[in-house]
Every structure is written in C-alpha cells, then in structure tokens.
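To start, the structure itself, in structure tokens.
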Amino acid sequence: MKNRDAKRLTLILLFAPFALWIVLLILLPHIGMGVLSLREKVAPRVYEFGFDNYLDFFREPIYWHILSRTAGISIVVTFLALIIGFPVSYYIAKIAGPRSKGALFMFCLIPLWVSDLIRAFGWILLLRETGAISGILQWTGLVSQPVEFLYNDAAVIVGLVYTVMLFMIVPLTSTLEGMDDAMVEAGYNLGGNGFTVLRRIIIPYAMPGIVSGCIIVFMMTAGSYLTPVLLGGKYSSWFTQTIYDQFITRYNWESGAAFGFLLLIFTSLVVWIGLKLSGQSLSTTVARS
Amino acid sequence: MNDTASADNDLECSGVCKNFGSVQAVKDISFEIPSGTFFSILGPSGCGKTTLMRMIAGFEDPDAGDILIKGRSVLKVRPNRRNVKMVFQHLALFPMMDVFDNIAYGLRCIGTDRDEVKRKVQDVLDRVALPDVGSREIHQLSGGQKQRIAIARCMVLDPDVLLLDEPLGALDLKLREAMKIELKLLQHQFDTTFVYITHDQSEALVMSDRVAVMNSGSFEQIGNPQELYHRPKTAFVAGFVGDANRWSGKVDQSDGGELVIETEAGMAVQCRAGANASISAGQKVEVFVRPEFIKLNRSAPTTSKASSLTGTVDNLLFNGANSRALVRLGSGDLVEVDVTLTGGTEDVAPGEIVGLTWSPENAVCFAQVSG
C-alpha cells in the first residue's frame, strides 16, 4: 500500500511542472485572450459580449490581405527550407562518414548560438545600401550606384529560411538515418533510375520527417516577428506586426486578442490541410521525431 | 573463354579483383555458372563473398577482370540496367508500400502497362504460394512470407541471375530448415540461376548444385556438395565443410598413396594424401577424419589394416540422430565419434574403454601451411 502511495507521489511530483506549465503559461493566457477577444467595446469602459472583434477582421480587407500574405510567404519559406534542407540532411544522414557527420551537424547548429536579433543584423550588414553585397557589385562594376537589397519580400524570405533551416534539417536527418541503405540499393537493383528511387522510395520513406519539419518551420515562420520587421521594414505587412500594432500602438487589446486567435486558427488550418494532403497524422510525424 | 562457350553460361567471372585500400577483398576469381544452376558461395564472414556479389549486382566496380551475364560483359552497365536481381540480407522490402506495390515496383520501372502489372504480380504471388497477400502491409507478414515476397519481387522481372545474400540469416532455426527446402523448390520451379551466398555450410550443401568455397578473397574449390565433402582439395575446405577431427603431425612413412602420420601427441594415423598434394616423409601435415567414418568398437580391435586406437569415453554429446561421443585416447587427444544413442542400456557410457577404427581412405591429410 505504501509503495503504491510512493509511486503516486512520484508521478504527481514529476507531472507537476508540466501541469503548471500547461495551465499557467498555455491554458490560462489563452482563456484570458479568448475572453478578451469576445468583449465588444460599446462605449468608453463599457463592454458587451459579442463577435465584433472577429467581424472587424473580415470587414477590413487589409487584415485579410496581410494574413493571407503572411501565410503565402510562410509556405514559400517552408518549401525553400525543404528544398535546401533535404539534400543537406541526405548528405549528413547517408553520405557523410561517421566522423564528419557530427561536425556537419555542429555547423548547422552554430548559428543558433547567436540570438535572432544578431543574426538579422548580420543580414542587414550584408544587404543594406552601404552593405557588403552592394559594395562588391559596385567594385566589380556590375552596377554604377549603391543598390538596396533590404526591405523587400525576398530579403524577408532569405532571412526566414536561414533562421528556420535547422528545424527542417533535424527531423529530416533523423528520419533518413533510420533508412536502410539496402532499400535504396534494392530500388536501383529492381530497375529504378535515380529519380524513381527518390520519388518512390526515399521521399515516401522520409515523409514523416518532411511533414514534421514542414509543420515546425511553417508555425515558426508564420509566428515570427523580429526577422520580417528588421529585414522587411515597417511595411513588411507581417500578421504578427498587425497584432503588435493592436496591442501596443492602438492599445486595442480586444482586437489584438481576436487577431491572435485568428492567426492560431488559420495556421492550424493550413497544417491540417497539409497533413490531409500528405496522408500523414500528427502522431506519425511530430510526435515521432 | 571464347564466346560460343560462354553463351550457355548465365554468369561468368574472369579474373575479378577488388581492393579496398591496401586490403585485397577479392583476389583473381574466375568461375562460370551454367543456366539453371543453384550455385552457392560458401565462406566465413569477411572472406569477400559479399563484395563479389555486390560487384555482380553492380554496386561495386571490380579493379580488374570481367563479369559476363549471358555472355555479355556488364562492366559498363549500371546496376538498374543489369538483369541481375538481388535478395538482400535483411530483404529490404519497402515498408511504405503494400505487397502488391512492392512486387509491382520493378515492373512499373520498366513501364509495363497496368493490366499486365496486375496479371504478372498475381501470377508470381500464385507461384510463391501466397495468392491472397497482395493488399497486406509488409509488417503484417511473417518472416517466411517476407522471404517469399522478396524473392517474388525479383522473379517477377524474370532475371537472368538471382543473387541471394544470406537471406535466411535472420530466421529462427525451424523456419530456416523449412525455407531451405522451399528455396530449392522455388529455384527448380522458376528454373533460374540462383547465386546464393552463405557462411552456413549446411545451407550450401542442402540446396546447391554447385558450391564454391571461398576463403580470404579467393576460391579454394568449386564442386558439387558431395565432392566438397568427400574429396576436399585443401585443408581449409576439409575443415570448413562439415565437421572433422583435425590433428597436426609429421609424416612418418610415405609409401605410394598411403601415409602414416605421427600426431603431435604421439598417435599414429594412417591416411591418404589430399587431392593433388604431394607429401613426403618428414613434412608437417594436418589430418582430417570425419566423425561419421570412425567406427567405435566396444571389444578390442583385431583388424590390422585399418587405423585402430584405444581410448576411454570421456563424454557423450546427445543430439538425437547426430549424437557424438568424445573419446580420450591414451596419447591425450580427444576424438569425436558419431554414435547411435537409443536410450537403452546397450548405449555407450562415459568411462567405457573402446576401440576406434577407420579406413585410411577416409582420413585425408594436407601439408600444413606455415604460420
């Protein structure tokens, strides 16, 4: 009897930090935000229950436009991260020797030692009018005057891809490492060419890793704030910026809360569609890697 | 090796060599396999047999020599264009496809149309006696079924040669015994050349028409199982294929075909020299005698022609029909002898003094390799 009590106590103690984290930092703030977002301001300091804050979003096309733009660029970033990350992961998992494997993984990890902010400033140093790339182009005579590479969508995409790359490489590498080399050889042996083997064997095998990498990267990108603001400028029109504006600039917390929920719902929807299209589920992808 | 002779051979290797750095994995191997043969390559792990197979499949390029399939050199042919299919050690079935798609994969690669794919897959499933598993997932199959699907996946493409890389290694003993017979029957049914790689001598002996014994990169002997077992050409073959008592000693007398050897412990053994070996008096040799050729006499031996020795039964190793007695001779040597243990009171018992005889025909000796 005593033994069982001790076991139960251990379980409770182990579970407590997790429960506290879920309740205090995830559940409570979201309930608070939910309640906040459903308050309609009818007069100064007078609030009523209603969906007006959400309806605002649909009434004003600019919000809808910013959200779809955010989602669109996030999808592009996710796709680019996948295209660049897949060969890198394949090389680390299957081609590199056991010693260089660790070193290569380390190289992917090193940028994470520097904060987001510093990394974004690094890009600014490279891309701004008086920056390195503009300077080199002028020096080689390809352009006659300084070129501004910052404050456009391309700069935002480049910066975001760089920021999230590791989160694509890690799940992909771990999935590909589990693949038996003989499977690829069998693919060739049975008559497949390189493309067939990639399409019919390697990619289907790596699908759980691909999907989990894409979910993580998409969520991180759509929810990022610093990189789009620094590299895209004030008018980069990222949805998180709109939320920030509502909370801080306009001091309209009700509307900001509603927008926050809309971002959550919208990105979840995109992830859900992605899972349906790839025929995967959360338990076979994110939960596994 | 002219072209007319090689046309009947499904697979032919001539002077194939492969080095990994300073290690010679395969040293100048030549052989030919006539159509429809079950050919085994038998050797201990690390002898280079897998490298040889990978060269035939095209995953490694030989440093020297030529590989011919149906009389044509395939050195310049990429793995996916060679009509040599391979059953991998761990089968390498594709877990993300069901059985049907696994088998259909190869057909789709060569652009077979849909109805034809369906017909051929069903046909091959019938032939491996698994007609209803097409829609199953790979993880739902048993070990033996996976084995047959892996073979079906290759056979559906009608290969010139099927390579099998120790595919029975992962199975438990009972299933392995059953699969041995089944593989032999499948080979007979498909009438395709099988090249089977194994380190298990019983697999090689039971299934094969011809066996090549491989040791440290080269073939020691090629022959049918009976030849290898009864007429080994080298000491390695005599020791590796089947069980044998092995003594090292010195030649005492050499007269014509028969020799008398004195072992290190001082026992005198009559034997014959192994094939194409010339052995002279005073030379260091190794003698091999198989346990089943030694006769155990419970009364004192009388024949003078045969080798005969006296010893005490030290231990009995009961293993059903393959039971053995360990007999310690006066000289201190231990001899393994096959005995029949019926479980009755007549059986040999430890401590009994027995005589051992065998005909010199069945004792083979080879010159000892120095080192």
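The values are calculated or read from the model by the stated rules, or taken from the named source; none is laboratory data. Fair warning: this is a prediction, and the values are worked out from it, not measured in the lab. Because the Cβ atoms are built from the backbone with ideal geometry, glycine has one as well, and the counts that use them run over all protein chains shown.
The table below gives the values:
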item: Condition broken by residue B:12, with the remaining ones in (1) within 14 Å of another protein chain (Cβ to nearest Cβ); (2) within 20 Å of the chain's Cα centre (by Cα) satisfied; result: (1)
item: Residue selected from the range B:96-154 under the condition of a type in the set (A, V, I, L, M, F, W, C), outside any helix (DSSP H, G or I) and away from chain A (no Cβ under 12 Å), by the criterion surrounded by the most Cβ atoms within 10 Å (Cβ to Cβ); result: B:128
item: Pairs where the first residue, in the range A:147-162, is within 10 Å of residue A:232 (Cα to Cα) and the second is modelled with pLDDT of 90 or more and in a loop (DSSP other than H, G, I, E, B), C-beta under 7 Å, 6+ apart; result: none
item: Looking only at the range A:188-234, and only at residues there that are hydroxyl-bearing (Ser, Thr, Tyr) and free of Cβ contacts under 8 Å to residues at least 40 places away in the same chain, the one that is nearest to residue A:120 (Cα to Cα); result: A:225
item: Residues (in a loop (DSSP other than H, G, I, E, B), more than 7 Å from chain A (Cβ to nearest Cβ) and aliphatic (A, V, I, L, M)) located in the range B:80-95; result: B:93
item: Any hit, the range B:182-205, residues being under 26 Å from residue B:36 (Cβ atoms), within 12 Å of chain A (Cβ to nearest Cβ) and not charged (D, E, K, R); result: no
item: Filter pass, residue A:85 being surrounded by fewer than 18 Cβ atoms within 10 Å (Cβ to Cβ), assigned to a helix (DSSP H, G or I) and either of a type in the set (Gly, Ala, Ser) or not assigned by TED's automatic domain parsing to the domain that holds residue A:205 (or both); result: no
item: Selection from the range B:53-79 of residues that are more than 14 Å from chain A (Cβ to nearest Cβ) and in contact with an Asp or Glu (Cβ under 9 Å, 6 or more places away or on another chain); result: B:64, B:65, B:66, B:67, B:68, B:70, B:71, B:73, B:75
item: Selection count, the range B:242-257, where residues are part of a loop (DSSP other than H, G, I, E, B) and closer than 15 Å to residue B:293 by Cα; result: 3
item: Residue, farthest from residue B:52 (Cα to Cα), within the range B:83-140, restricted to residues that are of a type in the set (S, T, N, Q) and in contact (Cβ under 8 Å) with a residue 60 or more places away in the chain; result: B:83
item: Flag if residue A:119 is of a type in the set (Lys, Arg), assigned by TED's automatic domain parsing to the domain that holds residue A:203 and surrounded by 11 or more Cβ atoms within 10 Å (Cβ to Cβ); result: yes
item: Filter result for residue A:177 (over 19 Å from residue A:85 (Cβ atoms) and out of contact with any Lys or Arg (no Cβ under 6 Å at 6 or more places or on another chain)); result: no
item: Every residue from the range B:31-60 that is in a helix (DSSP H, G or I) and either free of Cβ contacts under 8 Å to residues at least 40 places away in the same chain or surrounded by fewer than 18 Cβ atoms within 10 Å (Cβ to Cβ) (or both); result: B:51, B:54, B:55
item: Residue within the range A:251-258 that is hydroxyl-bearing (Ser, Thr, Tyr), more than 10 Å from chain B (Cβ to nearest Cβ) and in contact with a helix residue (DSSP H, G or I) (Cβ under 9 Å, 6 or more places away or on another chain) present; result: yes
item: Evaluation of residue A:233 against (1) modelled with pLDDT of 90 or more; (2) among the small types (Gly, Ala, Ser); (3) touching a Leu at 6+ places or on another chain (Cβ under 8 Å) (one fails), failing number; result: (1)
item: Candidate set: the range B:203-215, residues that are farther than 25 Å from residue B:156 by Cα and touching a Lys or Arg at 6+ places or on another chain (Cβ under 8 Å); chosen: the one surrounded by the most Cβ atoms within 10 Å (Cβ to Cβ); result: B:214
item: Matching entry among B:71, B:65, B:58 (being at positive phi and at pLDDT below 90); result: B:71
item: Hits in the range B:155-193 - residues which are in a helix (DSSP H, G or I) and either over 18 Å from the mean Cα position of the chain (by Cα) or among the acidic types (Asp, Glu) (or both); result: B:155, B:174, B:175, B:177, B:182, B:186, B:188, B:189, B:190
item: Qualifying residue in the range A:175-186 (condition: outside any helix (DSSP H, G or I) and within 10 Å of another protein chain (Cβ to nearest Cβ)); result: yes
item: Residue A:66 surrounded by fewer than 17 Cβ atoms within 10 Å (Cβ to Cβ) and either touching a residue at least 40 places away in the same chain (Cβ under 8 Å) or in contact with an Asp or Glu (Cβ under 8 Å, 6 or more places away or on another chain) (or both); result: no
item: Within the range A:195-209, tally of residues that are farther than 8 Å from residue A:175 by Cβ and more than 10 Å from every other protein chain (Cβ to nearest Cβ); result: 4
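So that you can scan it fast, the table gives a plain yes or no per residue for (1) touching a helix residue (DSSP H, G or I) at 6+ places or on another chain (Cβ under 9 Å); (2) in contact (Cβ under 8 Å) with a residue 40 or more places away in the chain; (3) in the same structural domain as residue B:46 (by TED's automatic domain parsing):
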| position | (1), (2), (3) |
| --- | --- |
| B:175 | yes, no, yes |
| B:179 | yes, no, yes |
| B:183 | yes, no, yes |
| B:192 | yes, yes, yes |
| B:197 | yes, yes, yes |
| B:203 | yes, yes, yes |
| B:217 | yes, yes, yes |
| B:221 | yes, no, yes |
| B:227 | no, no, yes |
